């Protein structure tokens with residue numbers, strides 16, 4: 001959520017930031033109008049309270065002087081003012097709710113360094129680590145859903161019968177590979193990140209805290225009976241782990257990680273990149289998360305990116321890093337780097353990690369502050385998040401990239417300890 005003071009004092013700056021995103025800047029005019037009404041009501045209410053206080057003093061003096069009749073007239077006036085004050089208070093509370101709702105619908109401002117542009121075509125390739133196109137053999141040009149069916153490690157048909165389209169089921173060595181990737185993603189970050197196992201069903205206010213509500217409700221699964229939501233990412237519960245709290249600066253940076261199942265309706269994606277594991281409603285992910293001071297935010301952003309990228313490098317996958325254009329950044333992000341792996345069988349780049357710096361946008365929504373050392377008062381923390389390892393597409397890229405001429409799939413060296421020493425997934429005899 002944006003700072004209302006920023007909107008009041010620098011409305012043109014805020015409008016320009018929203019235009020860079022491709023958002024409608026008139027949302028700021030609506031907020032300013034509501035805020036102006038709220039402040040006017042506050043001024044009138046303060047004036048009334050001051051007058052009531054003065055009348056109370058005068059009533060006391062009149063009673064002491066034996067002028068009860070005059071005191072009664074002032075008391076009647078005070079009662080009228082009190083009724084007006086209650087009306088203004090009710091109106092102010094309603095306006096405060098309207099201002100908050102309007103602010104919740106406005107995206108974060110992109111960082112000055114974020115590339116201009118409104119679509120994914122405007123994203124800037126920072127670096128590429130890939131093999132020449134002719135380096136892949138025909139045996140690697142087979143899509144993972146065909147490889148998975150041949151090896152008996154991915155069963156999409158039965159998953160669809162159980163749950164509908166865009167669900168998948170891993171079997172045997174395929175399920176083992178999935179759990180290996182999860183443990184690999186966790187273990188490589190234990191040196192600095194505390195592991196959390198949060199709930200995967202959360203309250204509405206928890207989804208609001210990250211910015212997933214109210215803007216992205218159509219893409220989320222809701223359990224309406226209990227007012228709970230299935231999390232679309234581990235970022236959601238990790239953001240709210242200290243919601244409403246005031247941290248000491250010595251507690252920062254706070255680094256957290258979590259493996260969760262994640263759920264996304266992927267509204268509007270039917271028929272688009274939905275084969276195999278390219279786009280699914282349920283998937284596993286290791287999330288990296290951090291709270292920090294504003295001064296530490298950029299260095300932590302690059303640290304999380306480096307950790308996520310190195311995990312892909314060590315799996316032997318071709319990849320590239322993109323600096324997202326303003327119009328392609330999520331609503332809560334100020335700057336985002338994406339990591340994409342190349343899947344030779346699907347013949348496309350697959351996003352496997354988004355590493356975002358959200359400034360104090362989420363902290364304002366979830367009310368997370370810290371006490372700076374040696375200073376009075378509190379400030380909002382900055383939050384950062386990134387997919388340490390998103391399993392389905394990494395799984396797909398491994399199966400396609402490391403497929404051997406005989407149809408087997410070699411297990412990357414870094415995963416073999418998590419596979420009980422298994423070095424390859426063999427073709428069934």
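So the values come out like this:
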{"quantity": "Relative contact order of the stretch 4-104, pairs being alpha-carbon contacts under 8 Å that are 6 or more residues apart, as %", "calculated": "32 percent"}
{"quantity": "Taking 210, 43 and counting other C-beta atoms within 10 Å, the order from fewest to most", "calculated": "43, 210"}
{"quantity": "Measure of compaction for the stretch 59-201 (Cα Rg per 2.2 N^0.38 Å)", "calculated": "2.35"}
{"quantity": "Alpha carbon Rg of the stretch 348-387, scaled by the compact-globule rule 2.2 N^0.38 Å", "calculated": "1.65"}
{"quantity": "Calculated log₁₀ intensity ratio I(q)/I(0) where the Debye formula runs over C-alpha points of the stretch 360-416, q = 0.14, 0.15, 0.22 Å⁻¹", "calculated": "-0.59, -0.62, -0.89"}
{"quantity": "Sites residue 51 and residue 127, calculated FRET efficiency, Cβ-Cβ separation with R0 60 Å, nearest 0.05", "calculated": "0.35"}
{"quantity": "Relative contact order of the chain, defined on C-alpha pairs under 8 angstrom at six or more residues apart (%)", "calculated": "20 percent"}
{"quantity": "Value at 222 nm in deg cm²/dmol, rounded to 500, when DSSP H runs of n ≥ 4 in the chain each add -39,500 (n - 2.57)", "calculated": "-13000 deg cm²/dmol"}
{"quantity": "The chain: angle of helix 11-21 to the longest principal axis, Cα-based, in degrees nearest 10", "calculated": "20 degrees"}
{"quantity": "Rough spin-label spacing in nm, given labels placed 7 Å along Cα→Cβ, for residue 138 and residue 204", "calculated": "5.9 nm"}
{"quantity": "Relative contact order (%) - the stretch 270-429, alpha-carbon pairs under 8 angstrom, separation at least six", "calculated": "26 percent"}
{"quantity": "Distance from the stretch 279-315 to the stretch 81-103 (C-alpha centre basis), Å", "calculated": "42 Å"}
{"quantity": "Nearest 10 degrees, 0 to 90: helix 391-401 Cα axis against the chain principal axis", "calculated": "20 degrees"}
{"quantity": "Under the Debye formula (equal points on every Cα, no solvent term), log10 I(q)/I(0) of the chain at q = 0.08, 0.10 Å⁻¹", "calculated": "-0.54, -0.77"}
{"quantity": "Order of 349, 229 - criterion: other Cβ atoms within 10 Å of each residue's Cβ, fewest first", "calculated": "349, 229"}
{"quantity": "Separation of alpha-carbon centers, the stretch 205-221 and the stretch 168-204, rounded to whole Å", "calculated": "23 Å"}
{"quantity": "Rounded tilt (10° steps) of 68-104 against the dominant C-alpha axis of the chain", "calculated": "10 degrees"}
{"quantity": "Ranked 5, 203, criterion: other C-beta atoms within 10 Å, fewest first", "calculated": "5, 203"}
{"quantity": "Viscosity 1.567 mPa s, 4 °C: Kirkwood-radius Stokes-Einstein D of the stretch 4-104 over Cα pairs, µm²/s", "calculated": "80 µm²/s"}
{"quantity": "Residue among 113, 351, 340 with the largest mean-square fluctuation in a Gaussian network model of the chain, springs linking Cα atoms under 10 Å", "calculated": "113"}
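Each reported figure results from applying straightforward, stated rules to the coordinates on display, with no laboratory input. The shown structure was predicted, so the numbers you read here are calculated from the model rather than taken from an experiment. So basically every Cβ, Gly included, is an ideal-geometry build from the backbone, and we count neighbours across all protein chains shown.
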